[in-house]
Amino acid sequence: MLSRLVTVCTIALFSTRSAFSFSLPISSALSSARFISHTMPAKRARSEERDAGIKDGDKKYYLLKSEPDEFSIDDLHKDKDSVWEGVRNYQARNILKSMSVGDQAFFYHSSCGKAAGIYGVCEVTRAAYPCPFALDKASKYFDPKATADTNNWVCVDVKLVYKFKAPVLLSALKDIKAKANAASTPLADLVLLKSSRLSVQPVTDAEWTHISSLL
C-alpha cells in the first residue's frame, strides 16, 4: 500500500452526527482550473493542472486510496482526525502538495477485490508538511536518504466528512464509462479509470458531481 493513515491528536471536536451527514457538497457549475504560467508548454501545463486538482471556488477535489485491512473509512471515523502518510511516489506526492485546508477527497478502499470503491468523503485539515515517518527507522515508510533538512516526502491531515450508505464500486464506475459515449460522460478522463495504481489522484468538479449523483 502506498498510503495509510496514522492517528494524530484531534485538535477540534468532530461529532458523530456531522461525520454521518448525507448532505452532499456538490457544486453547481464547472470550475476554472488552477493558474498555470503562460510560459509553460501547453502539454506540461495541462498535466500539472490536472495533478493540482480543479478549483470549485477555493475548494479542490481529490481521491485518496487506503487498503481497508490497514486503515478503513471506519477507522477514520473512530480516529476523527488522522495523518495521510506513506506516499512514496513523486507524482502522488506532488498532488498532496497541491492540497489546501478545506479541500475534499473521496475515500477509496483499494486492494479488496470486488469491494474496491469509494466509501465516503474526507476533508483536508492540515496542508502538506514533511512526513515524519520518513525519518523514523521503526516505520516501514522510513527513507534512509531523508534528513531533517532534506525530506522529499510529505503528508496531510484529514478528517471524515461522511460515509456513504452504500459504496460507489469501481466496477460500477467502469460500467458507466463503458456504456456511455466517451465524449458525453464526465468520467471519460477519470484518473481512477486510467491510472488505477496512483494512490493520490485529482478529481475534477464535473467528476465529483457525477460520482456524488450516483448515491
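Please work out which residue is nearest to F71 (Cα to Cα), limiting yourself to region 97-142 and to residues that are acidic (D, E) and at pLDDT 95 or above.
Out of the qualifying residues, it is E123.
Please enumerate the residues belonging to region 196-211 that are part of a loop (DSSP other than H, G, I, E, B) and touching a strand residue (DSSP E or B) at 6+ places or on another chain (Cβ under 7 Å).
Passing the criteria: S199, T204.
How many residues does region 149-163 hold that are of a type outside the set (F, W, Y) and assigned to a loop (DSSP other than H, G, I, E, B)?
Number satisfying all stated conditions: 4.
List the strands (runs of 3 or more DSSP E) that sit entirely inside region 59-128 and contain at least 3 residues that are out of contact with any Ser or Thr (no Cβ under 7 Å at 6 or more places or on another chain), of a type in the set (A, V, I, L, M) and surrounded by 16 or more Cβ atoms within 10 Å (Cβ to Cβ).
Hits in region 59-128: none.
What residue, among those in region 73-86 that are touching a residue at least 40 places away in the same chain (Cβ under 8 Å) and out of contact with any Leu (no Cβ under 8 Å at 6 or more places or on another chain), is nearest to S100 (Cα to Cα)?
That would be D81.
The values are calculated or read from the model by the stated rules, or taken from the named source; none is laboratory data. In this text the structure is predicted, and so the values were computed from the model without any measurement. Every residue, glycine among them, receives a Cβ derived from its backbone with ideal geometry; neighbour counts consider all protein chains shown.
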